[in-house]
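The values are calculated or read from the model by the stated rules, or taken from the named source; none is laboratory data. Because the structure is predicted, anything quoted here is derived from the model rather than measured. Cβ placement follows ideal geometry from the backbone for every residue including glycine, while neighbour counts extend to all protein chains displayed. Protein only, heavy atoms only, side chains kept; ligands, DNA and RNA dropped before computing areas. Shrake-Rupley method; radii C 1.70, N 1.55, O 1.52, S 1.80 Å.
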Amino acid sequence: MASQANGSVHQRKPTRPDLDRVPSNLATEWQAWMGSGPKEVEETLGGPKHGPWLQTLRIIGFFLHFITSCLFIHFTQLLGSPLYFIDKDWFYAWMAMTKQYFGLFVTTMTQWWSPTVIRISGDKSMKGLIKQSEDGQVRMNFEERAVLMANHQIYTDWLYLWWVSYTNTPPMHGHIYIILKESLKWAPILGPAMQFYGFIFMARKWSKDQERMRYRIQKLSTRHSGPTSGTHGGAQLDPMWLLIFPEGTNTSSNTRAGSTKYAEKSGISDMRHQLLPRSTGMQFCLQELKGTVEYLYDCTIGYEGIPPGLYGQDVFTLRSVYFQGRPPKSVNLHWRRYKISDLPITDHDAMAEWVLDRWREKDDMLELFYKTGKFPGDVEAVHIEGGPQEKDWKTAYINTEVKARSPFEFLQMFAPVAAAGLVGSVLVRAIDMVTGHK
C-alpha cells in the first residue's frame, strides 16, 4: 500500500476485528480523547505540527477558551431558567438563543483551533439545496423542520453537523436536537446544558427509552407562539432539526467487534467501515413526527487521512486535532434527501431493511472515498456563485471551511451575563446610596 505525502489516498483493505484482542471501553475512550495517534498516522498526516512546549500552551489556551465559553453560556441558561415558570414560550425562545451561542462557540472553536477543508457534495435529490456564495460561505437551504441521520465516525461528527445548521437559510443552530447516549447526561457543565437544550438521552433499552422519546418528540410537535417559533407568525410548530446516529456510537475496534458479533448472531453480513445501524428509534421518531416533517436528510461523513486498518477515533483525537495540529486533511459531507411519506415507517421489518440498505450504500460510498478521496457527487446538487455552470465544467463539490460570518460574532455569547453583571452592579450601588452605605 503506497502513500504519498502530497495528499494521495491510501488503498484501504477492510479488516475483520480480532475479537480476542479488542481493547476495553476505558482504553477506547482514552484513545479517542487523549491518544496521540499510532505511528502509521505520520504516513498520511505527517508528524505533530507543534512541539511539546507549544502543545502545552495550546492545551492551556484551548481549555481556558472552552471552559470560559461554556460557563458563560451555561450561566446564560440559568439566567433564563425562571422563565419556565412564567411563560414557557419565552423560556424555549431563551434556550434557543443560548443554543445559538453554543453553535457559534463550536464554529469558532473549530475555526481557531483545528481549521480544515470541508468538502460538501450530494446526489440529485439535493438539487438547489447546497450553495456557495462568492465570499466562500456555504448556504444550505434545508427546511425549518427536518430529521437528519448520519454515520458516526468520531466524537466530533456532531460538531460539523451543528455548523451545517449554522449555515442554513434560515439559520438553524438554535433549533438542533441531538439523540445521545444517556452517559453524557451528567457530564460536568455540558450535561446540564444539554438537558436545558432538550436533547434526548437514550439508555439503549427500548422499554425504558420509548416513553422518554415519546415525551420529547411530542414537545417538539407542540405549537408555540414565542419569538423564535418559525418565520410565519402566530402559534405554530417550532423550527427543529432532529439529529440521529442510528449506529448508536462511533466506530472503533471495540464497537466494530460488537457489530461483528451482532451480524453473526443475526445472520446478516457486516459492514466494512461502519457499524450495523439500529432502526427502532428512528422509525419511532418518524412515526411520532408524521405530518409535521416532510424530509429525512442523510449525511455520509468521511475523514481524509485515516491509514488502512485504523479508525477515525484512533487518528483524530482531541489531542492530535486541537493540540498537535493534525486535523483531518478534509472533512467530507455527502448529502441525500428522502421524502418521509415514501418510507415504510409503519412496517418494522420493511423500515429496518430500508435503513440497512441505506447503510450498505453508505459503506460502498466510504469504500470509494477511501480509494479516491471523494464521494460520488452529482453536479446538480451544488451551485457555486461565480463558478462555471456548464455541465462539462461544473464541479460536483464545494470546498469551504468552518468559519463564522463575522470575526466578532462570537462576542454575543458573553453579552447576557455581562449585561446581568452590569445591572447587578448598578443595583448594588443604588441600594448602597439609598441605605447610606459606602
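Some values worked out for this structure:
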item	result
Members of segment 252-274 that are more than 18 Å from His334 (Cα to Cα), under 20 Å from the mean Cα position of the chain (by Cα) and open to solvent by less than 10 Å² (accessible area, probe 1.4 Å)	Ser252
Subset of segment 72-117 (residues that are among the charged types (D, E, K, R), assigned to a helix (DSSP H, G or I) and open to solvent by 50 Å² or more (accessible area, probe 1.4 Å))	Lys88
Residues that are under 20 Å from the mean Cα position of the chain (by Cα) and either modelled with pLDDT of 90 or more or open to solvent by 30 Å² or more (accessible area, probe 1.4 Å) (or both), drawn from segment 294-305	Tyr295, Leu296, Tyr297, Asp298, Cys299, Thr300, Ile301, Gly302, Tyr303, Glu304
Complete set of residues in segment 128-162 that are farther than 15 Å from Tyr303 by Cβ, touching a Gly at 6+ places or on another chain (Cβ under 9 Å) and outside any strand (DSSP E or B)	Leu129, Ser133, Glu134, Asn141, Glu144, Trp162
Checking Ser183 against (1) part of a helix (DSSP H, G or I); (2) touching a helix residue (DSSP H, G or I) at 6+ places or on another chain (Cβ under 9 Å); (3) loosely packed, with under 14 Cβ neighbours inside 10 Å, the condition it does not meet	(2)
Matching entry among Ser69, Ser125 (being closer than 19 Å to His334 by Cβ, in contact (Cβ under 8 Å) with a residue 60 or more places away in the chain, part of a helix (DSSP H, G or I) and open to solvent by less than 50 Å² (accessible area, probe 1.4 Å))	Ser125
Answer from Leu310, Leu237, Leu318 - the residue that is touching an Asp or Glu at 6+ places or on another chain (Cβ under 7 Å) and modelled with pLDDT under 90	Leu310
Answer residue from segment 390-438, given it is more than 27 Å from Tyr166 (Cβ to Cβ) and either under 31 Å from the mean Cα position of the chain (by Cα) or of a type in the set (S, T, N, Q) (or both) and is least open to solvent (accessible area, probe 1.4 Å) among those	Ser425
Of all residues in segment 38-58 being under 16 Å from Phe316 (Cα atoms) and assigned to a helix (DSSP H, G or I), the one that is modelled with the highest pLDDT	Gln55
Extreme residue, farthest from Tyr155 (Cα to Cα), among residues of segment 280-292 that are in a loop (DSSP other than H, G, I, E, B) and open to solvent by 10 Å² or more (accessible area, probe 1.4 Å)	Gly291
Conditions (1) at pLDDT 90 or above; (2) over 13 Å from the mean Cα position of the chain (by Cα); (3) farther than 16 Å from Ile120 by Cα; number of the one not met by Ile130	(3)
Qualifying residue in segment 360-375 (condition: under 22 Å from the mean Cα position of the chain (by Cα), of a type in the set (Ser, Thr, Tyr) and either surrounded by 21 or more Cβ atoms within 10 Å (Cβ to Cβ) or under 19 Å from His273 (Cβ atoms) (or both))	yes
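Yes or no, residue by residue, for (1) of a type in the set (Lys, Arg); (2) in contact with a Phe, Trp or Tyr (Cβ under 6 Å, 6 or more places away or on another chain); (3) without any contact (Cβ under 8 Å) to a residue 40 or more places away in the chain; (4) under 29 Å from Arg214 (Cβ atoms):
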position	(1), (2), (3), (4)
Pro307	no, no, no, no
Leu318	no, yes, no, no
Phe323	no, no, no, no
Ala350	no, no, yes, yes
Val355	no, no, no, yes
Arg358	yes, no, no, yes
